[in-house]
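Heads up: the structure comes next, in structure tokens.
Coordinate-derived values only; no laboratory data. As the structure is a prediction and not an experimental result, all values here were calculated from the model. Counting neighbours? That spans all protein chains shown, and the Cβs are built from the backbone with ideal geometry, glycine included.
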Amino acid sequence: MRIYLIVSLILLSTLGQAIELDPSCQRRFDASLAAKERGEWEQALKHLSALLNNECSTNQAARSIFLSHQGEIHSKLEQYEQATDDFQQMFEAAKASQQLEQQIFALDWLAYIINLQSPQDTEKVASAYKALLAAQENLYGKEHADIATTLNTLAETYRLVGRYTEAEPLHRRALAIRQKLLGDDVLETTTSMNNLALLYYETSEYNKARPLYEKALKIRRRIWGDEHNYVALSADNLALLYWSMGEFKQAIPLYELVLSIREKNIGKDSPDVAVTLNNLAEVYRQTGKYPQARPLYERALKIREAVYGEQASVTLESLNNLAELYRQTGVYQQAEELHKKSLALREAVYGRGSLETTVALNNLGLLYYNMGRFSDSKPLYEESLATREKLLPPDHLYISLSLNNLALLYYDMGDYPNSKALYERSLAIREAQLSPEHPDIALSLNNLALLYYSMGNYDEAKKRYERALEIREKVYGRMHPEVAQSLNNLALLYYSTGDYAQSKKFYEESLNIVEAVYGKAHPDVALAYNNLALLYYNIGNYAEAKPMYEKALSIWTKTLGENNTDVALCLNNLALIYYSTGDYEQAEKHYKRSLNIWEKVLGKDHPRVALSLNNIGWLYYSLGDYAKAKPYYERALTIREKALGKEHPDIAQSLNGLGELNQQLGNFVEAKILFERALPLASIEPELLWKIQNHYSRLLAKQSQTNDAIFWGKKAIGTIQALRSNVKQLDKSLQTSFIEDKKVVYQNVADLLIGQGRTVEAQEILGLLKEDEYADFSNTQRTGSTNPYNAIEQEWAERYDTINNQLIGLAKEREQLKQKKRQTGLTPEESARYDELVEDTKAAEAAFQNYLSELKKQFKDTDTQRSIDISERNLNKLKPLQNTLRNLGHGAVLIHYLITPDKLHIILTTPDVQLVRQTSISEIVLRDKLENFRTSLQTVTRSPIPQAQELYNLILKPIESDLRQADAKTLMVSLDGVLRYIPLAALHDGQHYVAEQYAVVLYTEAAKSNLESKPSEDSYFAGLGVSQALEGFNALPAVEDELSSIKSVLKGNIYLNKDFNTKTLNEVLDLGTPILHIASHFVFEPVGGDSNSYLLLGNGEKLTLAQIRIGYDFSPLDLLTLSACNTAMGNKKADGKEIEGFGTLAQLRGAKSVIATLWQVDDESTGQLMSKLYHLRATDRLNKAESLQQAQLVLLKDPRYQHPFYWSPFILMGNWL
């Protein structure tokens, strides 16, 4: 790459001053000028020497003229010492005669010669130009075109040696003078613009450089058109800036313009054309357009070989660039041939121990690194570093680059201590040599952060990632690939710590940036898709994850080749998807392909190999092939312990897998040891921690240590609750999938509690699950406590957290000192601290094991007393609930349902007793039966009674006699999963529907505080409705009659169609209306949550649950009725949480009760049911539950509406008095 710089240096050949000479002197002077004009330098010097050594030079002005010509000729002949003497004598003569212009002329030449002779002596050159500047200012004042030229040259003197703070004000002053005196539209002014922009480019102040370059190019194109060399110079500079800013789409057309100008003006085979070809190829390479880049590199190489020969530095540069293209595209054989050729040529030209040769050593080392030939790469990197350290100062940036590359090699070899030491040295050099906001410092911070991340030190990683991002955003702006890289790294960090909302946000932004910069088929785009897919996978959204992985795999395979570590990673991730969706054959195929690549490229003892081994072990474990799984797990653990140390979080993953395997093999003692070792290691990885806690709980349950199992199951729930708070900002569909694979933890704990007769605790655990489901659906904070422990367990939970946190802190500090001990050794104080930490860790580990033993002993030895305590505590919680049922009257009972893989648990609470019943049925079979029943309920030509009776026997028959004995009249039901999609009122006992015997109310966690609230004495109502057809929705012609019939028994107002809008709704709520009846379409969506679920208003607007959640107060409402709702069961994985979603939301917003429907209902029958419901409530003073029940029975007895389709979909939630 080359930046062209125009420096206007005006060298005067004459002073333009008339001098009087005698005729003989004049003839000799004319002869000297004629000889000079003909290029006869020796003859001209002969004449001038004669003039200076006779009476012709007695006139000081004449002597100055003779010396100026003699000095100029000596300079042309590169006789700089004589030239310097000439101009020094001229300056003295001019000074004696007080000829200021001649003094300036002499100083100008003296500065020019010094710059030619000693360009490395910045102070000497700068001093000469400063003397010239002072003389010019003395003669011309502060603003003169010549002063601008001197300022420009002095500024360039400083810029070329990196003294930017001294150069900038000089360039700015030169530009200001030229703009004032000459205007913008001249060459000199655009030259100043380019030079100042170049300074800003080199200091990474791209946003300052950009407007200057753009303005200079615009002016030059306007003056000279698109075929002038000046335009090519400006376009080249601006293209390089765009390239550096990651704006490749803007750089390419400019480089193409430069190429066309230079090919036309200076020929297609000129060296400058080769430079442009090289630059354009580089942009193509960086944007993944490898086929376009290759012929340009090859053409540039051919031109340079022809012009300069194959050993020239620029030819070697082209050779290196072509080799790098082959390396990056995975064409390793050709890349190796070219890099070896480059190394041999540099060695022949410069010697093995030269700086130029270190470049070839470094690049060949990088090639071997990419090929996984670490043993070949390492000595090349080390030789390059050693040579640079020998030839350069210890804080040279070339040394920093070598340290960085060698550190990366150590990192991928799993040697984190050596990697860390080298990264820190590299960063220290860059911080000492560069500005604090230089991109290279951001790169070092990023690399060091990645190392900390891989070592499990997330706090240190986060600090460095954030600082790197801050630097890159300031330098490049937001839309740059390096900013995308920082966002990607932070997203991965947030993902690893369980903050999925932040992770998703950063991954998506990173993907948007790289796609905008590179297009759709670049390796960095593949990486962005892969990482975002990993997030979707982790929260259980496999349908979203799979196509992203497939896209990433396609891009990587196409651009990098099949034997690449990124391809291996993507194959591994795709295998996870296949495994999770039950396609074990494809999972095994992809896992083994991934393993083969990693072993081939990285060697058999690399941590990534352990990842594949662990996953294959898990696959065989899941298939029940335990003997096959075990060696994979054990090898993975051995590799990780060797590479990462025994305290790394990844070790916990291997321990967990081995623990599960031993549990299945019946090796409970070994499994227990493995799980207990894994628990503290996984504390900083909550996504892994809850799984280990859950597995440990299941192991204890198998050993009949039920109390211990319950405690650790609750620990798992506590971890999940904390994780859930990090996903509340995700899309609702993602929140839904997040909780999906974790339900079993709640259900297992509830099952254990029920088995111990701890039914109230089981209800509380189910309440936590319900609240999580609701919060996932509606994007709200949880409504109750997240603490799953009873008072006895709380003490042990707190002790566990204290010991565990102590272990984590000790491990981090010990690991830091251990690394320093390996690298540079410890001071006596540090060595003593290390020994102290080792002893403290042993003590903490002993305390942890002692804690586990005490916990087991406590639960075992005090089991009888504990049972009494638990019974008392359950009773203390049960009594208030039973008192509530007693106070409610009307034969109220509460029924909790819990669906587990092989049972349906039924917890019945009456005012006098609480008991548990069970139905043996698999969850899958139950789901199918419920789905078939729902279909029959919506098919009026088909009798639903056979399915209704079958489900009755499963759901209510087990407590039939208990309900009868309790004289139950009102069933308050807390439904689980897909049970929420069916109306229990439509079940049939063989003689009657449930609705003919009981009033049924849906019990929600949000209803607990309002259950006993008495209804308002005020029966004023507001009726809002839509009777007209609106886009996507049919007309509801019976709505007007429905609302009118309600108004015939209740006082109130009706707002129909366009009068039903958000303003009207708010006014009704502001007036404190106790009864709000809405006859419109209400769409609940199982997927999409509160932003996709909405109420249709009369003016066609859609009022979403998200808007209701933040903008509406329902506290005046005693009853909210939605009489034309429409819900959808969605796919077979839907679980009905949206059925309760709006009811819970409305109650949280203040409404005491809500009536809605389970499917789109008949317009006319709904009108009649609602009319009857309000009539019974107003005239017969029935409660809401009884009013709904009796209204349903009216339709049941009507031959037109006796099918449950018409009367059963109406559900009452919350307060039913």
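Beyond a 24 Å Cα-Cα separation, which of these cross-linked pairs lie in this structure: LYS289/LYS546; LYS504/LYS1008; LYS268/LYS341; LYS742/LYS1152; LYS420/LYS642? Walk me through the numbers before you get to the answer.
Details: LYS289/LYS546 26 Å; LYS504/LYS1008 36 Å; LYS268/LYS341 26 Å; LYS742/LYS1152 31 Å; LYS420/LYS642 17 Å.
Flagged as over cut-off: LYS289/LYS546; LYS504/LYS1008; LYS268/LYS341; LYS742/LYS1152.
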Rounded, prolate or oblate: which fits segment 142-224 when a ≥ b ≥ c are the square roots of the eigenvalues of the alpha-carbon gyration tensor, with rounded for a/c under 1.5 and prolate only if a/b beats b/c? oblate
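With runs of 4+ DSSP H residues as the only contributors, calculate the mean residue ellipticity of the chain at 222 nm using -39,500 (n - 2.57) per run, divided by the residue total and rounded to the nearest 500. Write down the numbers at each step before the final one.
Numbers: 50 runs with 821 residues, N = 1217.
Value at 222 nm, helices only: -22500 deg cm²/dmol.
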About its Cα centre, how strong a charge dipole does the chain have in debye, to the nearest 20, once Lys and Arg get +1 and Asp and Glu get -1 at the Cβ? 1660
Sorted on mean Cβ neighbours within 10 Å (highest first), peptides 660-670, 310-320 come out as 310-320, 660-670
How far is it, in nm, from the label point at ALA176 to the one at ASP395 when both lie 7 Å from their Cα along the line to the Cβ? 3.3
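At R0 = 30 Å, how high is the FRET efficiency between GLU562 and LYS474 if r is their beta carbon distance? Nearest 0.05 is fine. Please report the intermediate quantities before stating the final value.
Working: r = 40 Å, r/R0 = 1.32.
Once the sixth-power term is evaluated, E becomes 0.15.
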Taking the structure as given and computing Cα extents along the principal axes in Å, which label from [x] 144, 72, 51; [y] 110, 91, 60; [z] 120, 81, 67 fits? [x]
Gain in length, GLN117 to ASP583, computed as 0.36 nm per residue apart minus the alpha-carbon separation, to one decimal in nm? 160.2 nm
Using r as the Cβ-Cβ distance of GLU214 and ALA134, and R0 as 41 Å, what FRET efficiency do you calculate, to the nearest 0.05? 0.70
Among segment 948-983, those whose backbone N falls under 15 Å of a label point 7 Å along Cα→Cβ from ILE921 are 948-960, 975-983
Taking 56 Å as R0, compute the FRET efficiency from the Cβ-Cβ separation of LYS1047 and LYS520 and round it to 0.05. 0.40
Please determine, in degrees from 0 to 90 and to the nearest 10, the orientation of helix 743-755 with respect to the longest principal axis defined by the Cα atoms of the chain, where the helix direction is its Cα long axis. 30
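Among CYS570, CYS25, which comes first, then next, by fewest other beta-carbon atoms within 10 Å?
CYS25, CYS570
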A student applying the Cα gyration tensor rule (rounded when a/c is under 1.5; otherwise prolate if a/b is larger than b/c, oblate if not) would label segment 374-457 oblate
Under 5 Å from the placed amide H of HIS1081, counting only residues 5+ away or on other chains, we find LEU1096
Given charges of +1 on the Cβ of Lys and Arg and -1 on the Cβ of Asp and Glu, with all other atoms neutral, how large is the dipole of segment 309-391 about its Cα centre, in debye to the nearest 20? 120
Per 0.36 nm of contour for each residue apart, how much would the distance between GLN43 and GLU1012 grow if the chain were fully extended, relative to their Cα-Cα spacing? 336.7 nm
Using θ = phi - 60° and the Karplus form 6.51 cos²θ - 1.76 cosθ + 1.60, what ³J(HN,Hα) does each residue of segment 32-38 get, whole Hz, x for Gly and Pro? 5, 5, 5, 5, 5, 4, 7
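Of LYS551/LYS592; LYS600/LYS630; LYS505/LYS1063; LYS180/LYS218; LYS95/LYS130, which sit over 29 Å apart, Cα to Cα? Show your work: numbers first, answer last.
Values: LYS551/LYS592 20 Å; LYS600/LYS630 23 Å; LYS505/LYS1063 35 Å; LYS180/LYS218 19 Å; LYS95/LYS130 17 Å.
The pairs that break the limit, which is 29 Å between Cα atoms, are LYS505/LYS1063.
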How far apart, in nm, are two points set 7 Å out from the Cα along the Cα-to-Cβ line at GLU143 and at ASN53? 5.1
Which value in nm describes the separation of the simple spin-label points at ALA1035 and SER831, placed 7 Å from the Cα toward the beta carbon? 9.5
The rounded separation in angstrom of the Cα centers of segment 334-406 and segment 619-672 is 41
How would you rank GLU337, GLU641, going from fewest to most other Cβ atoms within 10 Å of each one's own Cβ? GLU337, GLU641
Set the bar at 26 Å for Cα to Cα. Now go through LYS715/LYS743; LYS879/LYS929; LYS714/LYS929 and name every pair that lies beyond it. LYS879/LYS929; LYS714/LYS929
For helix 1137-1148, what angle does its Cα long axis make with the longest principal axis of the chain, in degrees from 0 to 90 and rounded to 10? 90
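So between GLU839 and ASP912, what do we pick up on full extension, going 0.36 nm a residue minus the alpha carbon distance?
Working: separation 73, 0.36 × 73 = 26.28 nm, distance 5.76 nm.
Fully extending the segment from GLU839 to ASP912 adds 20.5 nm.
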Among the aspartates and glutamates, which have Cα under 16 Å from the Cα of LYS1058 when same-chain residues fewer than 8 positions away are ignored? GLU1031, GLU1040, GLU1067, GLU1101
